[in-house]
Amino acid sequence: MRSNGKTRKAGVGLDVQHPLIRHIARMTAEATGVELLIVYPELSGWGQAYGDGQLQPQPDFCKLIKSTQDGAKYCRMCHVLMAVAACNGSPTEQRCHAGASVLACPANDETDEAVAVISSCTFAPEEAWSDTRKRGEKLGINLALLRKAFLSLPLLSPHQRGLLEHGMRVMSHAIRVIRHNQELMARNVKDLPGPSGKIALEGYFQETAWVKPDAAPASGVGEMPLLVNVVCELVRQRSDLPLTVKELAEAARLTPNHFTTLFREHAGVTFTEYLMQHRIDRAFKLLRNPTLSISEVARLVGYDDPGYFARRFHQRTKLTPREWRNRHGGLGNSE
């Protein structure tokens, strides 16, 4: 199924295990006992995932319905229909195919595909049992067990209902922010001037008055600190680039050993140490942003491998990125 004739491309979708999403789902479940489900389009159809399936189990009613192949199929289709309906209107209470009440809240932009937050099943009125019974008979479910589960669906107080609706609106807003951040990151990566430190340094030579493009740094002692300044400024502004001693030395027309000696003499540390310091310093700032996962922070500071980033971070701080985030006001981690 599609919404507005469009389906979101894979790779520009939603990180459903994002720490902010998990945090909101956890708080909502603790306050209401109701799980939140995210429904979103994919190239192959529709995906759906619970915000935090580890905290609160699904209601027995949902488990019974989904215990059969047809029941699970009906539930998935029902969730898609609810998502599309919610995104074409406003947050609403809907009745699932088995008769239980479900809240659905749109999480899409006005011109975007149907992405929605849906609650797990809540209270169903007594008169809905006849429809539920028919569904149970068709699915071959034990009716005594189904009725017991039907009557055990959580009955929300007005206060809990308000908390649930608030949690769903907050998660919907978080989804919009996270998707926007992901799209910006993808656009920034696409617009990078190039992955090469050599290319980046040559660009700085051409765009600044510090060093002439055709000047050989070794031609005069006085020019050496200017080269170091250029490299330092490049690291301060673009520490996310995969800068290496070999490429920087080649761009500066020096041997790697000569470049290393020159940089350490004027910067007081090796180039590798200087680069790591700035990457970790930038990571401190990014880790305070709850909309960024640890993997996203690693990429933004120049590490494609989150595990290598974590080892470097621990080398500097004696803490893992997750531990540092937890101590400084973060919301956890998602690799």
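Checking THR260 against (1) hydroxyl-bearing (Ser, Thr, Tyr); (2) touching a Lys or Arg at 6+ places or on another chain (Cβ under 9 Å); (3) assigned to a helix (DSSP H, G or I), which single condition isn't satisfied?
In the conditions (1) hydroxyl-bearing (Ser, Thr, Tyr); (2) touching a Lys or Arg at 6+ places or on another chain (Cβ under 9 Å); (3) assigned to a helix (DSSP H, G or I), THR260 misses (2) alone.
Does ALA86 satisfy being touching a strand residue (DSSP E or B) at 6+ places or on another chain (Cβ under 9 Å) and within 20 Å of VAL34 (Cα to Cα)? It would help to see each step written out before you state the result.
Values: touching a strand residue (DSSP E or B) at 6+ places or on another chain (Cβ under 9 Å): yes; within 20 Å of VAL34 (Cα to Cα): yes.
Criteria met by ALA86.
Quickly run through the stretch 263-318 and pick out the residues that are polar (S, T, N, Q) and part of a loop (DSSP other than H, G, I, E, B).
Filtering the stretch 263-318 for residues polar (S, T, N, Q) gives 270, 272, 277, 289, 291, 293, 295, 315, 317.
Once the filter is applied, which keeps residues that are polar (S, T, N, Q) and part of a loop (DSSP other than H, G, I, E, B), the stretch 263-318 yields THR270, ASN289, THR291, SER293.
What number goes with the only condition from (1) farther than 30 Å from HIS173 by Cα; (2) surrounded by fewer than 14 Cβ atoms within 10 Å (Cβ to Cβ) that ASP305 does not pass?
(1)
If we scan the stretch 107-115, do we find a residue that is assigned to a helix (DSSP H, G or I) and of a type outside the set (Asp, Glu)?
Quick first cut of the stretch 107-115, residues assigned to a helix (DSSP H, G or I) only: none.
Checking the stretch 107-115: not a single residue is assigned to a helix (DSSP H, G or I) and of a type outside the set (Asp, Glu).
Under 7 Å between Cβ atoms, which residue pairs at least 6 apart in sequence (or on different chains) link something in the stretch 231-258 that is more than 25 Å from ASP305 (Cβ to Cβ) with a partner that is outside any helix (DSSP H, G or I)?
Final answer for the pair search is ARG253/ALA216.
Since every read-out is calculated from the coordinates, none of them should be taken as a lab result. Predicted, not measured: the structure shown is a model, and the values here were computed from it. Cβ sites come from the backbone with ideal geometry, for glycine too, and all protein chains shown count toward neighbours.
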